[in-house]
Amino acid sequence: MNIASIFKGFINRNGWGLGSYLLIAVGFWLIILIILPQLSMLDFSFRHHLPPPEMGGPKDTYTFEHYKFLALGAQGADQSYNVVDLGVFVRTLVAAFFVTILDLLLCYPLAYYLGQASGSGYTRILVLFLIIPYWVNEILRAFAFRIIFGDSGVINEMMMTMGLIDNPIDFIRDNIALYSGLGYAYILLMIFPMYNVIESLDRNQIEAARDMGAPWWRIHWRIVIPYAKPGISSGCTMVFMLSAGALAAPQILGGPSSLWFTQIIYQWFNQGGNWPRGAAYAIVLLTVCIVIVLSAMRLFKVKMGDIGK
Amino acid sequence: MSKGVGVNLQDVWIRFGEFVAVREANVDIEGGAFFSFLGPSGCGKTTILRSVSGFLEPSQGKVLIGGNDMAGIGPNKRPTALIFQNLALFPLMKVWENIAFSLEVQGVGTAARRKRADELLEMIALTGQGDKLPSELSGGQKQRVAIARALCAEPDVLLLDEPLSALDLKLRQHMRTELREIQQRVGITFIYITHDQGEALTMSDHVAVMKAGVIDQIADGQTIYDDPSTAFVASFVGENNVFRGKVKSIDGDSALISTNRSGDLISRIPAGAKGKLAVGDDAMMFIRPEALNIAGTKTPANNHITALVLNEEFEGQTFNVFLEGDGGKEMKMSLVNQGKARQSAKGSSLTLEYAADQAVALPAGELASE
Ligand SMILES: Nc1ncnc2c1ncn2[C@@H]1O[C@H](COP(=O)(O)OP(=O)(O)OP(=O)(O)O)[C@@H](O)[C@H]1O
Ligand SMILES: [Mg+2]
């Protein structure tokens, strides 16, 4: 009854054509594109890794095998925990966290400048400069980074001719190339939510604070940052989630000794052909990321609705 | 009461590119005075105020506060506090934090800040409301919080940019009195900006009337009203009936103007226009609606005007008569209601008279558009 009346109200408000289009589009989006695939992955993660003929057979039962494997490793291994995979997992999350912080520090001043110095033609050009590089696809961008960060890449060459260093720095092995690549890849996702919020901040508030004697850092600390918090958290959430889940950049720019957790997932799906285990690993990554984001939001008193800003 | 800190503008020009927003402003504001800038929208009032508060350096000329040249001194270092046109309260801080923000900047501890904020809250009659957010206050309350926040910094000069414009009429009138009282209590210099002449006249010791970047006249309210020095001031401040014509003769303080439609009319030359009118010049003569009366005798004289009555309007304390006036505009006469039934004269001609010293003759010039 209640749902029916909500439905009727919705159709009345938007008319039959638009109303049913909206319902079908949103329904398709939600159910076919989001809920069903994730549910099937969840289902997969609890199944045994079986050859195709045995699927649906008597051996096809639910199990925690794959989750156990991530935590404890293969049975009979000489360590009681899966040190390798868990190590990669933690390292991935820590690295994603630092990429997020790096992006935040880089982007906040830029977003502030864009948002508050706006009105001039410069800002539009600057925004264009930020957007256009994203027309270049991810693979090309990653390989280009590999080249300029390489032993004989532009950066090493330049520093050597300037006499700053004697031997080339191995940016790839030290993961500097990876962090730069990831940081760069998500800069826009950090800038735009912050820019949107800061742009709507009344300039007079900044001037009022200045009039009362506040130095620039206090103006940011007390006025701009609290106001921009929804944008900051929205940007950080996206950058964190996407860097933790990135695949191309770690594949191409990562050092030989450092795996990204997504690479392990990819290996299970692809080389190992073990989809259930891949699914279990991916679901653990997703769940832990969500828990981290939610706890951070709680810590900084951000409401869920703010993220949408 | 302390003498307060004076503010002087010396030959201040402010340009934005080619555009001149303020032209040759010379203003001397006494310490402890309530000084208003009055002018229509876009005439440069906010711009002048920003040059006093330090957000804008004049392109030319000097701003002195307490006799010190303020060139190169930023807004956070000047002894001024600005109340913004839109108040600019900090929406995410509690009311008391807003009020005590200037103390927070100075590094005063929480308890002392809270105490000072509570004192100020008491002064603005908002005791106990310190823990609310600004969005939980009414318009007039926000207004008072903005004043308290500015006063908390203990400025020598308080700058107010049309702080009452967002309020409804009743509240605005109430806040006028309140502002004036606060000013007299704290005894500091107030520089007040408004486009509302009623506000300027009721509150200020002195008023500067501005038109398109130029200050036309600086005087006390009564002088501005009774002895305007330009046609713009005469038409902008209060209601006025204008008569265009040429100067026919001048005799000391009085001038005979031969008007386009009402014959030769006698009027007074106010102090500010002395020496600026010569025989044969284009002139404008202004008579206030309340200075007009129905003529006792019908003998034509140089203080009689005959015109057709177009409309009449009863307004309680006054009875307004609208007559055919100069240049397509209506001429208005306000008669005090003396409680007697009045006979309508609509559609017929009336002869009006005025006292010669109630009419002012000024050089022809631009009129206020309202
Ligand atoms: N930063 C600026 N750049 C260019 N022109 C400006 C700038 N600030 C103000 N002006 C111009 O200067 C003139 C005066 O502006 P100002 O804000 O001082 O007007 P105002 O008298 O305060 O008007 P209002 O009553 O509407 O607030 C306006 O024509 C405005 O367009
Ligand atoms: Mg203004």
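Given the options B:151, B:159, name the one that is closer than 14 Å to residue B:83 by Cβ, crowded, with 16+ Cβ neighbours inside 10 Å, in contact (Cβ under 8 Å) with a residue 60 or more places away in the chain and away from ligand 1 (no atom under 16 Å from the Cβ).
When all the criteria are applied, what remains is B:151.
Tell me which of these residue A:99 doesn't satisfy, since it passes every other one: (1) assigned to a helix (DSSP H, G or I); (2) farther than 25 Å from residue A:295 by Cα; (3) in contact (Cβ under 8 Å) with a residue 40 or more places away in the chain.
All conditions are met except number (2).
Yes/no matrix, rows are residues, columns are (1) of a type in the set (Gly, Ala, Ser); (2) free of Cβ contacts under 8 Å to residues at least 24 places away in the same chain; (3) within 24 Å of residue B:97 (Cα to Cα):
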residue	(1), (2), (3)
A:171	no, yes, no
A:175	no, no, no
A:185	yes, no, no
A:189	no, no, no
A:193	no, no, no
A:198	no, no, yes
A:214	yes, yes, yes
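Assuming residue A:86 fulfils every condition listed in (1) within 26 Å of the chain's Cα centre (by Cα); (2) within 16 Å of residue A:275 (Cβ to Cβ) apart from one, which condition is it?
(2) is the only condition that residue A:86 fails.
Name the single residue that is nearest to the other protein chains (Cβ to nearest Cβ) among those in the range A:194-217 being among the charged types (D, E, K, R) and surrounded by fewer than 17 Cβ atoms within 10 Å (Cβ to Cβ).
Among residues in the range A:194-217 that are among the charged types (D, E, K, R) and surrounded by fewer than 17 Cβ atoms within 10 Å (Cβ to Cβ), the one nearest to the other protein chains (Cβ to nearest Cβ) is A:203.
List the number of the failed condition for residue A:224; all other conditions in (1) within 24 Å of residue B:77 (Cα to Cα); (2) within 10 Å of chain B (Cβ to nearest Cβ) hold.
It fails just one condition, (2).
Take the residues of the range B:312-329 that are surrounded by 10 or more Cβ atoms within 10 Å (Cβ to Cβ) and within 16 Å of residue B:259 (Cβ to Cβ): which is modelled with the highest pLDDT?
B:323
Go through the range B:182-210 residue by residue and tally those that are assigned to a helix (DSSP H, G or I) and within 16 Å of ligand 1 (Cβ to nearest atom).
Residues meeting the conditions: 4.
Any idea which residue in the range B:16-47 is farthest from ligand 1 (Cβ to nearest atom), counting only those that are within 14 Å of chain A (Cβ to nearest Cβ) and surrounded by fewer than 16 Cβ atoms within 10 Å (Cβ to Cβ)?
Filtering the range B:16-47 for residues that are within 14 Å of chain A (Cβ to nearest Cβ) and surrounded by fewer than 16 Cβ atoms within 10 Å (Cβ to Cβ), the one farthest from ligand 1 (Cβ to nearest atom) comes out as B:17.
Does residue B:101 satisfy the condition of being more than 14 Å from chain A (Cβ to nearest Cβ) and of a type in the set (Phe, Trp, Tyr)?
For residue B:101, the condition - more than 14 Å from chain A (Cβ to nearest Cβ) and of a type in the set (Phe, Trp, Tyr) - is not met.
Quick one: in the range B:56-73, of everything that is buried (at least 17 other Cβ atoms within 10 Å of the Cβ) and not aliphatic (A, V, I, L, M), which residue is nearest to residue A:204 (Cα to Cα)?
Checked the range B:56-73; the qualifying residue nearest to residue A:204 (Cα to Cα) is B:58.
Does the range B:119-130 contain at least one residue that is surrounded by fewer than 20 Cβ atoms within 10 Å (Cβ to Cβ), within 14 Å of another protein chain (Cβ to nearest Cβ) and not aliphatic (A, V, I, L, M)?
The answer is no, given that none of the residues of the range B:119-130 is surrounded by fewer than 20 Cβ atoms within 10 Å (Cβ to Cβ), within 14 Å of another protein chain (Cβ to nearest Cβ) and not aliphatic (A, V, I, L, M).
Restricting the search to the range B:48-78, which residues are within 14 Å of chain A (Cβ to nearest Cβ) and within 16 Å of ligand 1 (Cβ to nearest atom)?
Within the range B:48-78, B:49, B:50, B:51, B:52, B:53, B:54, B:55, B:56, B:75 meet the criteria.
Hey, residue B:81 hits all of (1) away from ligand 1 (no atom under 16 Å from the Cβ); (2) surrounded by 24 or more Cβ atoms within 10 Å (Cβ to Cβ); (3) of a type outside the set (Ser, Thr, Tyr); (4) within 17 Å of the chain's Cα centre (by Cα) but one; which does it fall short on?
Only one criterion is unmet by residue B:81, namely (4).
Only residues in the range B:44-55 that are within 9 Å of ligand 2 (Cβ to nearest atom) count as the first member; pair them with residues that are of a type in the set (Val, Ile, Thr), Cβ under 6 angstrom, at least 6 apart or cross-chain, and list the lot.
Sorted first by the residue in the range B:44-55, then by its partner, the pairs are B:44/B:22; B:45/B:193; B:47/B:14; B:47/B:22; B:49/B:193.
What number goes with the only condition from (1) of a type in the set (A, V, I, L, M, F, W, C); (2) surrounded by fewer than 20 Cβ atoms within 10 Å (Cβ to Cβ); (3) over 22 Å from the mean Cα position of the chain (by Cα) that residue B:13 does not pass?
(3)
Look at residue B:32 and say whether it is of a type outside the set (Lys, Arg) and away from ligand 2 (no atom under 16 Å from the Cβ).
yes
Which condition breaks for residue B:92 when tested against (1) within 11 Å of another protein chain (Cβ to nearest Cβ); (2) away from ligand 1 (no atom under 16 Å from the Cβ); (3) assigned to a strand (DSSP E or B)?
(3)
Considering (1) within 14 Å of chain B (Cβ to nearest Cβ); (2) over 19 Å from residue A:109 (Cα atoms); (3) hydroxyl-bearing (Ser, Thr, Tyr), say which one residue A:179 fails and leave the rest.
Of everything listed in (1) within 14 Å of chain B (Cβ to nearest Cβ); (2) over 19 Å from residue A:109 (Cα atoms); (3) hydroxyl-bearing (Ser, Thr, Tyr), residue A:179 misses just condition (1).
Please state which one of B:63, B:27, B:22 is part of a strand (DSSP E or B), under 13 Å from residue B:215 (Cβ atoms), touching a residue at least 40 places away in the same chain (Cβ under 8 Å) and more than 16 Å from ligand 2 (Cβ to nearest atom).
Just a single option satisfies the conditions, and that option is B:27.
Can you pull out every residue in the range B:30-55 that is assigned to a strand (DSSP E or B) and out of contact with any helix residue (DSSP H, G or I) (no Cβ under 6 Å at 6 or more places or on another chain)?
B:35, the sole residue that qualifies.
Scan the range A:10-47 for residues that are in a loop (DSSP other than H, G, I, E, B) and at pLDDT below 85 and jot them down.
A:15
Here is a list: A:225, A:191. Which entry is buried (at least 19 other Cβ atoms within 10 Å of the Cβ) and part of a helix (DSSP H, G or I)?
That would be A:191, the only listed residue that is buried (at least 19 other Cβ atoms within 10 Å of the Cβ) and part of a helix (DSSP H, G or I).
Please work out which one of (1) of a type in the set (Gly, Ala, Ser); (2) more than 16 Å from ligand 2 (Cβ to nearest atom); (3) in contact (Cβ under 8 Å) with a residue 12 or more places away in the chain is the condition residue B:128 fails and give its number.
Condition not satisfied by residue B:128: (3).
Which numbered condition in (1) closer than 30 Å to residue B:211 by Cα; (2) out of contact with any strand residue (DSSP E or B) (no Cβ under 6 Å at 6 or more places or on another chain) is the only one that residue B:364 fails?
Exception for residue B:364: condition (2).
The values are calculated or read from the model by the stated rules, or taken from the named source; none is laboratory data. Bear in mind that the values here come from a model prediction, so they are computed numbers and not experimental data. Cβ atoms come from the backbone with ideal geometry, glycine included; neighbour counts cover every protein chain shown.
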